[in-house]
Amino acid sequence: MAEQLVSLPRNKLLALLGTLALLLAPHLAQMPFWLILVTLLPLAWRAYTARSGRRLPGRAVRLFLAGAMIVLVFLQFRTLVGRDGGVVLLACLVALKLLETTSRRDVRILTLLGYFVAGTLFLVSQSFWMLAYVVFVCVLLTGQLFAWQRDDNRFEPEEYRRALRLMLEGLPVALLLFVLYPRLATPLWSMPADRPQASTGIADTMTPGSFSDLTLDDSVAFRVDFRGRQPERDQLYWRGPVFERFDGYTWLQREFAPALAPKIVPLGRTLDYTITLEPQQRAWLFALDLPTRLPQGARLTSRMQAVYRQPLTTRARFDLQSATDWRIEEDGDRFAVTQALVLPHTGNPRARQLAQGWRTLPPQVRVARALMWLQNNRFFYSLAPPLLDGADQVDQFLFTTKEGFCEHYAGSFAFLMRAAGVPARVVGGYLGGEYNAAGDYWIVRQADAHAWVEVWLEGRGWQRVDPTAVVSPLRVSSGLARSVRDSDRLPMLLRENAAWLANLRLKWDNVVYVWDRWVIGYDTQRQMQLLKQLGVDSLDSATYLAWLVGGFAAVLALYTLAARRGPRADRPRDPAARQWRGFLRRLAQRDLSPHPGEGPRDFALRAAAALPAQAELIRRICNHYLTARYGDDPDAARQLAKTIKTFRL
C-alpha cells in the first residue's frame, strides 16, 4: 500500500537529494557495480516522486527493500560491520530513508545521518582532498538545513555563507583540541578485519620480470628525511627481502632464520634519517644499507634485514641510523653461508662450466672475473627483455638473449658465484630516489625497485656486489630513466623534459607529505615532541593543564569579543538591505544621503527630484527594496539587484 505524499518544497527536497548523493559518491566508488545500482535506486525513486507528485512506496515495500539490502551486503562482504560491510550498509539505509521522508522532522534526521556519513568518508581516504571534499559537502548540508527553516521553496546565498561561517567559527576549537588534547596510543575500539588489501611493490619471491614490471608503477613506496649529511645517490641502496633459495627458476626467502643478528661495526660516519613508509601489508622497513640503530618494535634478522613486529597496514614513520661502509663481526649464521652455495642438481650446464674455470682463483678474484665477463660480452640493460623459457633460463640469458633488468643480472650473477664456490644471495629493495628540494627529502617510488647480490668473503663477511652497475653504470649514478636504451626510456624522458610539470608535481608531493606528517601522522609521540617544546613534560602536569585551560580561555575571549561587536552597521545581514546600502553609497557621490529619521520612500522622492533623468529608476529601486524587505514577493530581492545594476549616475 502506498502512502500519500506530504507536500514538501520540491526544490529543497531535490537539493537534499543532490547533497546526499555527493556524500555517498566516495562510498559508491568503492562498491561493486550492482551494489551501486541498489544504493542509487531509492535516490532515483525519491527524485521521481518529488518531481511527479506521485505516492511514496508503502511500509511493506520499504521493509522488503531494507531486508534485501541487508542480505545483499552480507553476501558481498560476509559481514555487516567494519569498514566495508558496515559503511556500505549505512550508505544503503541512508538512501532508503529517503523513501519515508515526508516531513521536516524526517529532513532533520536525514541531515544528521548525512553528518555521520561525512565522518565515515575518512575511512575511504584521509587525504587533503578528502578533507576539502567533506568540508564542501558539509557546507552544502548545513546550508540546505538553514533553508528548511523557512516555508518557501527557494535558497539564499546567505544561508551557505552562514554555514561556512559556522564551520570557520568552530575551527579554533578544533585546532586546539587537535594539538593539545591527549591522543590515544590505540583507538577506543577496533574495527573487525575487512577484506585483506592486495600488497603492492616488491614481492617475497623473485622471478625474471618481477622487478621490471614495477617500472611502470609510479606510486610512492616511502619518503626519507635525512638529518645532517646527505648521502650520494650511489649509496642509496634500500635493503629489503633477502632471497637465499634457488629452485632453477625462482629465488625465494629461506623459511628458517636464526634470531641472532650479526654485529655490524660502522666504518666512518653514520647517517640519521626518518623514513615514512606507505602501507605495504608486510613488515619490511627498507632501511638504508646497513642499519645500525632501529626504532622500538623493530629488529635486525640474521639476513641483516630490518623488520617490524607486525605488517605495516597503515602509513608509518620510523627513525633509523645506517652505515654506508661497515665491517661485520660475530656473524653467527654460518648455516646461511653454507646454504648460499646450494644450487639445483641439474640445469644451466654452460653457466656451470664457465664458473668452474674460476674455482682455482681466490674468492675475491672470482667475483672480479665474473664482473669482467659481464662487462666484456655486450650485455644490455632493458625494461622489456625477451621472455625466457625452458629449464636452462640462466644459460639462455647469459649466452643468448643478453638483455635483462636488474633481477636477470642479480639472479644470474648469484648463480655464477655459487657455481664458482663463492657463497652468494640476492637482495631485493630499492635503489636511488628523487630528491624534492621543496621539502628537502627523498621520494622513493615503486619504479625504483632494484635487486643486487651479496657474496661472502672470509674475514669480511657479506659484501654487496651490484652486477647492474657493470652493465649500466648510469642506473646507479643517475637513476633508471638515464640507464636504459632510448626505445625503453622514451616515456620517462618525456616526463622528465616537462620541467614545469615535474616541478609542480614535486611541490604538490611536498604538500601531501606535510599533510601526512603533521595531520595524519600526528600521533602520541609527535604530540609529546611538540608539548616538550612548550615546556610540558607530562600530560598530568600543571604546565599542560595551564596550556589547555589558557587555550580555551583565549578562544572564549575571541568569541566573546566577536559577539560584542556584532554585525557591522554598514554590512547588514539582509541581502536586500545590503543592496540598498550599496545604492545609497552611490547616491552619496552626488551629496544625496538620507536625513535622520527619513524613510526610504521619502528619500527616494527627494533623490528623484534632484536627479530627474533617473527619477523613474530611483522609484523602481525603492519599490523593489520595500517589497523585498516587507512584502511577500520571493522574486523582489533578485529584481532589486538587477535594477540597481542598471543605475548609472
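The values are calculated or read from the model by the stated rules, or taken from the named source; none is laboratory data. The shown structure was predicted, so the numbers you read here are calculated from the model rather than taken from an experiment. A quick note on method: Cβ atoms are made from the backbone with ideal geometry, for glycine too, and the neighbour counts reach across all protein chains shown. What goes into the accessible areas is simple: the full protein's heavy atoms, side chains included, and nothing from ligands, DNA or RNA. Shrake-Rupley method; radii C 1.70, N 1.55, O 1.52, S 1.80 Å.
Counting only residues that are of a type in the set (A, V, I, L, M, F, W, C), give me the helices (runs of 4 or more DSSP H) lying completely in the range 349-454 with at least 2 of them.
Those helices (runs of 4 or more DSSP H) span 349-356, 363-375, 406-419.
Which pairs have Cβ atoms under 9 Å, sit 6 or more apart or on different chains, and link a residue in the range 42-57 that is touching a residue at least 24 places away in the same chain (Cβ under 8 Å) to one that is of a type in the set (Phe, Trp, Tyr)?
Every condition considered, the pairs that remain are ARG54/TYR48; LEU56/TRP45; PRO57/TRP45.
Could you list, in sequence order, all residues of the range 326-338 that are of a type outside the set (Phe, Trp, Tyr) and either at pLDDT 80 or above or assigned to a strand (DSSP E or B) (or both)?
Hits for the range 326-338 are ARG327, ILE328, GLU329, ALA336, VAL337, THR338.
Exactly one condition in (1) over 13 Å from GLY429 (Cα atoms); (2) in a loop (DSSP other than H, G, I, E, B) is false for ALA203; which is it?
Unmet for ALA203, out of (1) over 13 Å from GLY429 (Cα atoms); (2) in a loop (DSSP other than H, G, I, E, B): (1).
Just to be sure before I move on: is ASN377 over 20 Å from ASP234 (Cβ atoms), surrounded by fewer than 21 Cβ atoms within 10 Å (Cβ to Cβ) and touching a helix residue (DSSP H, G or I) at 6+ places or on another chain (Cβ under 9 Å) in the structure I sent?
Criteria met by ASN377.
Would you say ARG83 is in a helix (DSSP H, G or I) and of a type in the set (Lys, Arg)?
No: the conditions fail for ARG83.
Could you check how many residues of the range 44-75 are open to solvent by less than 20 Å² (accessible area, probe 1.4 Å) and not small (Gly, Ala, Ser)?
Counting residues in the range 44-75 that are open to solvent by less than 20 Å² (accessible area, probe 1.4 Å) and not small (Gly, Ala, Ser) gives 6.
Only one of VAL139, VAL134 is closer than 28 Å to ALA628 by Cβ and modelled with pLDDT of 90 or more; which?
It is VAL139.
PHE256: in contact with a Cys (Cβ under 7 Å, 6 or more places away or on another chain), at pLDDT below 90 and not small (Gly, Ala, Ser), yes or no?
Answer is no for this residue.
Could you list, in sequence order, all residues of the range 606-649 that are closer than 25 Å to ARG154 by Cα, part of a loop (DSSP other than H, G, I, E, B) and charged (D, E, K, R)?
Of everything in the range 606-649, those that are closer than 25 Å to ARG154 by Cα, part of a loop (DSSP other than H, G, I, E, B) and charged (D, E, K, R) turn out to be ASP632, ASP633, ASP635.
For the range 533-565, which positions are within 31 Å of the chain's Cα centre (by Cα) and either aromatic (Phe, Trp, Tyr) or exposed (fewer than 11 other Cβ atoms within 10 Å of the Cβ) (or both)?
The one that is within 31 Å of the chain's Cα centre (by Cα) and either aromatic (Phe, Trp, Tyr) or exposed (fewer than 11 other Cβ atoms within 10 Å of the Cβ) (or both): GLN533.
ARG229: part of a loop (DSSP other than H, G, I, E, B), among the charged types (D, E, K, R), at pLDDT below 90 and in contact with a Leu (Cβ under 9 Å, 6 or more places away or on another chain), yes or no?
yes
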